[in-house]
Amino acid sequence: MSLTSGKNDITFKSQGLNLAAHLYTPEGFDEAGSYPAIVFSPAFNQVKEQTGAVYGPRLAELGYVTIVFDHIGFGDSEGTLRNNENPFVKIESIRDAISFMRTLPFVDRDNLFGLGVCASGGYMALVATTDKRLKAIASVSGMLGNQMSYFGTIDRETITAVIAMQNAGRQKAYETGEVDYVDALQMDAAANAPEGTAVREGYDYYMTARAGAETYPNYSHLSPSFMQEAPLLADAMSYAPYLYTPFIGIYGEKAMVDTAPLTVMFYEKASEPKELVEISGASHVSLYDVDEDVSRAIKAMDAFFKKHGGTQAQAA
């Protein structure tokens, strides 16, 4: 594998499959050198060309070798079941990405960090709870409390009906071999949502040229009809007291109806050392790709990683 400064197209193995990735390297990159590194995992259903392509180059500018990859069944990666947001499958691929990065001779193992956005904020926290190869982790707009988001806010009758629909989709797929794909986040309906609401913000990101299939053809907002079964069980909040890995939670000031409260609650429950950063004026989605907001988020996590990594990161 011959690498150059900037974006490199690579693959690595996870669970027997080839995953497509971009490896972002610093300016003047030298394979004989030693660099701090970051494993990046994206928001729900995203491919590597979306939020990861915003954070990867900027982190490389600060000296980090950063891997951004398509999870199994997403984008350019292998996997017959497409776009299935299964936290437990993704968690294993994050672990495999960590393993892969540690095989690279220019990666400083004492300065390997994790960054999860939105849904992957929770996945990265779960990984770090039992994977101490990560020296510190950051969540950006993190969905860190799935138990609360689903069971804590939806009444028994409604959530049971939602689960039953998921189960019916699984049964149909088993019996027929055909998977129905649905608009799990109801993005199509969000076109009519009021400006400034969280759902409309999602539509403006995922369903337009800004970051949708028109610009990134490998992206789809559709998921298997049984997709929600697994995320309901993946609750990082439950393990927050036992994280024991340095954590920085970054959220947008305007994300008060979605990820801001979850990040604050996770922070309050999390073990030390930890840090909480509110990005003034930012929303949940603005932290995906709005220059000013992304820059402030990266500045905060860079300082945190340098503080809690090895000697090389502190001296960088």
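The values are calculated or read from the model by the stated rules, or taken from the named source; none is laboratory data. The shown structure was predicted, so the numbers you read here are calculated from the model rather than taken from an experiment. Quick reminder, even Gly has a Cβ in these numbers, built from the backbone with ideal geometry, and neighbours come from all protein chains shown.
Here are a few things to note about the model shown:
- Picking from residues in segment 27-54 that are of a type in the set (A, V, I, L, M, F, W, C) and over 30 Å from Tyr181 (Cα atoms), the one that is surrounded by the most Cβ atoms within 10 Å (Cβ to Cβ) is Ile38.
- Just so you know, in segment 62-79 the residues that are of a type in the set (A, V, I, L, M) and in contact with a strand residue (DSSP E or B) (Cβ under 8 Å, 6 or more places away or on another chain) include one that is farthest from Ala32 (Cα to Cα), and it is Ile72.
- Residues of segment 77-107 that are in contact (Cβ under 8 Å) with a residue 12 or more places away in the chain and within 20 Å of Thr4 (Cβ to Cβ): Phe100, Met101, Leu104, Pro105, Phe106, Val107.
- Beta carbons closer than 7 Å, at least 6 apart along the sequence or on distinct chains, pair a first residue in segment 188-210 that is under 20 Å from Pro42 (Cβ atoms) with a second that is of a type in the set (Gly, Ala, Ser) and at pLDDT 90 or above for Ala190/Gly202; Glu201/Ser283; Tyr205/Ala211; Tyr206/Gly212.
- Considering residues of segment 1-59 that are assigned to a loop (DSSP other than H, G, I, E, B) and aliphatic (A, V, I, L, M) only, the residue nearest to Ser295 (Cα to Cα): Ala43
- Test set (1) under 30 Å from Pro273 (Cβ atoms); (2) in a helix (DSSP H, G or I) - Leu134 fails condition number: (2)
- Pro57 of a type outside the set (Asp, Glu), in contact with a strand residue (DSSP E or B) (Cβ under 6 Å, 6 or more places away or on another chain), more than 19 Å from Gly212 (Cα to Cα) and surrounded by fewer than 24 Cβ atoms within 10 Å (Cβ to Cβ): yes
- Among all residues of segment 261-283, there is at least one that is crowded, with 23+ Cβ neighbours inside 10 Å, over 15 Å from Ser139 (Cβ atoms) and in contact with a Ser or Thr (Cβ under 9 Å, 6 or more places away or on another chain).
- Scope segment 228-248; condition surrounded by 23 or more Cβ atoms within 10 Å (Cβ to Cβ) and either in contact with a Gly (Cβ under 6 Å, 6 or more places away or on another chain) or closer than 22 Å to Thr197 by Cα (or both); matching residues: Ala236
- Residue within segment 221-243 that is in contact (Cβ under 8 Å) with a residue 24 or more places away in the chain, within 30 Å of Tyr174 (Cα to Cα), small (Gly, Ala, Ser) and touching a Pro at 6+ places or on another chain (Cβ under 7 Å) present: yes
- Residues located in segment 172-213, provided they are under 21 Å from the mean Cα position of the chain (by Cα), closer than 16 Å to Ala255 by Cα and not small (Gly, Ala, Ser): Val199, Arg200, Glu201, Tyr203, Asp204, Tyr205
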